[in-house]
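**Q** Mind having a look at this structure? Questions to follow.
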Amino acid sequence: WKSARSRGRQSINIMTIKHDLGRGNAFVMGLLIGSTAALLIHRLATSRPSTLPNEKHDSASLNDDQNNQIQQCLPPEIRSEMLSRNALYFASSNGMPRIESSHVLVVGLGGVGSHTAHMLARSGVGYIRMVDFDQVTLSSLNRHAVATLKDVGLPKAIVLAHHLREICPDEKKLVLDPVVKMYTGDKERDGSMMDPPSERCQRWDLVIDAIDDVPTKANLIAYCAKRGIRVISCMGA
């Protein structure tokens, strides 16, 4: 009985290690890609005025709860403090305004893509479109950046947008654009998925390829190469 109990504990420890390694590898890859993306936006993006949506939010009434007030308008001093460490790194070249006005497309929101989008949101990127057709499963929970048990069965793009909105409730400072659809490389099937978000934004500042299917990855890379769009591709597949 003691021997069986010991073997059981060893089995649990091995499973725990595998679980931690899977989540750890995805986190490291997402962290590296997210950090690299921020650096590329800062170093290579040309200076231009912000092209993010400029919707006017109605003032919160006295009857609204505090959360709704924060969601409508995040005070500049709070947002500034949230990004203060990032601003210190990019201060010498006025890089934060470029990052905050940048448009990034993330295709694939699994272990790597979810961590990448997560880091981009925390880095101050102003507009993130997140594309994935799949849903969160139980097996996703060992590597996904934000998904929990209550998210199982829901679209990955919607789940990620919901959690990232909690990081920055102000839609003027962080625009989240979840697309629950599969990227195929076929314009008719993809629709406007790859189109820049506004007329003033001629093309994406950066595309993140976190797709786990090699032929589809090749289609996305070819699309970006033909249009001169910078792309970071994860070779995990």
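**Q** How many nm is it between the label spots at residue 94 and residue 227, if each spot is 7 Å from the Cα in line with the beta carbon?
**A** 2.9
**Q** Which of the peptides 220-233, 103-116 is most tightly packed, and how do the rest follow, going by the mean number of other Cβ atoms within 10 Å of each residue? Let's see the in-between values first.
**A** Values: 220-233: 15.8, 103-116: 27.7.
By packing density, highest mean first, the sequence is 103-116, 220-233.
**Q** How much FRET efficiency would the formula 1/(1 + (r/R0)^6) give for residue 214 and residue 148, where r is the Cβ-Cβ distance and R0 is 41 Å, rounded to 0.05?
**A** Values: r = 30 Å, r/R0 = 0.74.
Computed FRET efficiency for residue 214 and residue 148: 0.85.
**Q** Moving on. Can you pull the accessible area of residue 183 for me, 1.4 Å probe, Å² to the nearest 10?
**A** 10
**Q** Sort the following peptides by mean Cβ neighbour count (other Cβ atoms within 10 Å, averaged over residues), highest first: 148-154, 193-199, 131-137.
**A** Values: 148-154: 12.6, 193-199: 15.3, 131-137: 20.0.
Highest-to-lowest ranking by the protection proxy: 131-137, 193-199, 148-154.
**Q** How much of the accessible area of segment 122-208, in percent, comes from carbon and sulfur atoms when a 1.4 Å probe is used? Could the numbers behind the result be given before it?
**A** Details: 2080 of 4140 Å².
Heavy-atom surface of segment 122-208 belonging to carbon and sulfur, 1.4 Å probe: 50 percent.
The values are calculated or read from the model by the stated rules, or taken from the named source; none is laboratory data. Not measured: the values here are computed from a predicted model. Ideal geometry is used to build each Cβ from the backbone, glycine not excepted, and the neighbour counts take in all protein chains shown. SASA here: full protein model, heavy atoms, side chains in, ligands and nucleic acids out. Shrake-Rupley method; radii C 1.70, N 1.55, O 1.52, S 1.80 Å.
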